[in-house]
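The values are calculated or read from the model by the stated rules, or taken from the named source; none is laboratory data. Quick caveat: nothing in here was measured; it's all calculated off a predicted structure. Using ideal geometry, Cβ is built from the backbone for each residue, glycine included, and neighbour counts are taken over all protein chains shown.
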Amino acid sequence: MTVHVIPQNQVDPDELARILRRPAAVIGAPTDSTYGLVARAADTAAVERVYQLKDRPREKPLVCLLGSLVWIERYCLPVNEQWRRLALSCWPGPCNLVLPAGPAMPVAPLAGGSTVAVRIPDNPLLQRLLDRLDEPLVAPSANPDAAPASLNATGVAEYFPEGLELIIDGGASWSALGSSIVDFSTSPPRLLREGGIGRTCLEALLGGPLDFQVTPSAQLSGDSGETVS
């Protein structure tokens, strides 16, 4: 059966929240960069389904979306105040910050690690959905792990004709670059991926240089479908 596609302006956030509360529910939706596979981070079966759909190695963690800065204290363990400077400048928007995961953070997206990449999305529907659910969402790019990112709902449907509850059509993605990833679990902070917000801009916002060395342990996916390696 062909997956159902619905225009974003016809989506009821309350109904969408009910759909995502179903066991193992995954939807395709626009994010603040490319399209993503969205599921509740606390639903282990849904997270596993995301890994299966993407054919993604289980040792690679998933980016999580949060509803507000207050959620950082709920789900993460900030190591210093540098992250806050970048968060206040870039959020909501396509910049993921890697922080130590707190005890309340669901473990399924962490892939056995102790850190999590988080951001507040600049997408009104996702913001309303996070408000309704009051819990983190995973939202990796809506494409098989080695394939180019989906930039529209048609691309998501072509990659995933089955396996999704529905696909939300929010029009074309504003950028194909995906989201930037900055790791604050190291000192100095490390740029793991340069996305829509470039390195020069990030360093200017931080007031200092970013380490650009990438290690195998820093491999993770955001919304571009690319892996840092």
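Among residues of the stretch 179-198 that are in contact (Cβ under 8 Å) with a residue 60 or more places away in the chain and on the phi < 0 side of the Ramachandran plot, those with a Cβ under 7 angstrom from a residue that is assigned to a loop (DSSP other than H, G, I, E, B) and among the β-branched types (Val, Ile, Thr), sequence gap 6+ or separate chain, pair up as Ser180/Ile197; Ile181/Val228; Phe184/Val79; Ser185/Val79; Leu192/Val214; Leu192/Val228. Test of understanding: among Val63, Val3, Val26, Val11, which residue is β-branched (Val, Ile, Thr) and under 15 Å from Met105 (Cβ atoms)? Val63 is the lone residue from the list that is β-branched (Val, Ile, Thr) and under 15 Å from Met105 (Cβ atoms). Pairing residues of the stretch 1-22 that are touching a residue at least 12 places away in the same chain (Cβ under 8 Å) with residues that are aromatic (Phe, Trp, Tyr), at Cβ distances under 8 Å and at least 6 apart in sequence or on separate chains, gives Val3/Phe160.
Taking Ser173, is it closer than 17 Å to Val50 by Cβ, touching a strand residue (DSSP E or B) at 6+ places or on another chain (Cβ under 7 Å) and at pLDDT below 95? It is false that Ser173 is closer than 17 Å to Val50 by Cβ, touching a strand residue (DSSP E or B) at 6+ places or on another chain (Cβ under 7 Å) and at pLDDT below 95.
For the stretch 101-122, name all the residues that are farther than 14 Å from Leu62 by Cα and surrounded by fewer than 17 Cβ atoms within 10 Å (Cβ to Cβ). Gly102, Pro103, Ala104 - these are the residues of the stretch 101-122 that are farther than 14 Å from Leu62 by Cα and surrounded by fewer than 17 Cβ atoms within 10 Å (Cβ to Cβ). Kindly evaluate Pro57 against the criterion of being touching a helix residue (DSSP H, G or I) at 6+ places or on another chain (Cβ under 9 Å) and surrounded by 14 or more Cβ atoms within 10 Å (Cβ to Cβ). For Pro57, the condition - touching a helix residue (DSSP H, G or I) at 6+ places or on another chain (Cβ under 9 Å) and surrounded by 14 or more Cβ atoms within 10 Å (Cβ to Cβ) - is not met.
Note on the stretch 166-196: residues that are buried (at least 21 other Cβ atoms within 10 Å of the Cβ), aliphatic (A, V, I, L, M) and under 30 Å from Asn9 (Cβ atoms) amount to 2. Considering only the stretch 23-44, I want to know if a residue exists there that is of a type in the set (S, T, N, Q), more than 16 Å from Leu125 (Cβ to Cβ) and surrounded by fewer than 24 Cβ atoms within 10 Å (Cβ to Cβ). Among the residues of the stretch 23-44, at least one is of a type in the set (S, T, N, Q), more than 16 Å from Leu125 (Cβ to Cβ) and surrounded by fewer than 24 Cβ atoms within 10 Å (Cβ to Cβ), which makes the answer yes. Of all residues in the stretch 168-194 being in contact with an Asp or Glu (Cβ under 8 Å, 6 or more places away or on another chain) and of a type outside the set (A, V, I, L, M, F, W, C), which is farthest from Leu86 (Cα to Cα)? If we take residues in the stretch 168-194 being in contact with an Asp or Glu (Cβ under 8 Å, 6 or more places away or on another chain) and of a type outside the set (A, V, I, L, M, F, W, C), then Gly178 is farthest from Leu86 (Cα to Cα). Of everything in the stretch 132-146 that is more than 14 Å from Ile27 (Cα to Cα) and touching a Ser or Thr at 6+ places or on another chain (Cβ under 9 Å), the residue that is surrounded by the most Cβ atoms within 10 Å (Cβ to Cβ) is Asp145. Within the stretch 147-161, being modelled with pLDDT under 95 and surrounded by fewer than 17 Cβ atoms within 10 Å (Cβ to Cβ) holds for Ala147, Pro148. Scanning the stretch 153-203 for residues that are in a loop (DSSP other than H, G, I, E, B), out of contact with any Gly (no Cβ under 7 Å at 6 or more places or on another chain), of a type outside the set (Ser, Thr, Tyr) and over 30 Å from Val79 (Cα atoms) yields Pro161, Glu162, Gly163, Glu165, Leu166, Gly170, Gly171, Ala172, Trp174, Ala176.
Search the stretch 75-109 for residues being small (Gly, Ala, Ser) and closer than 17 Å to Gly195 by Cβ, and hand back the single one that is farthest from the chain's Cα centre (by Cα). Per the stated criteria, the residue is Ser89.
Within the stretch 40-54, residues that are closer than 18 Å to Ala29 by Cβ and modelled with pLDDT of 95 or more sit with their Cβ atoms under 7 Å from residues that are part of a helix (DSSP H, G or I) and not acidic (Asp, Glu), at 6+ positions apart or across chains, in these pairs: Arg40/Leu20; Arg40/Ala46; Arg40/Leu133; Ala41/Val47; Ala41/Ala108; Ala41/Pro109; Val47/Ala108; Val47/Pro109.
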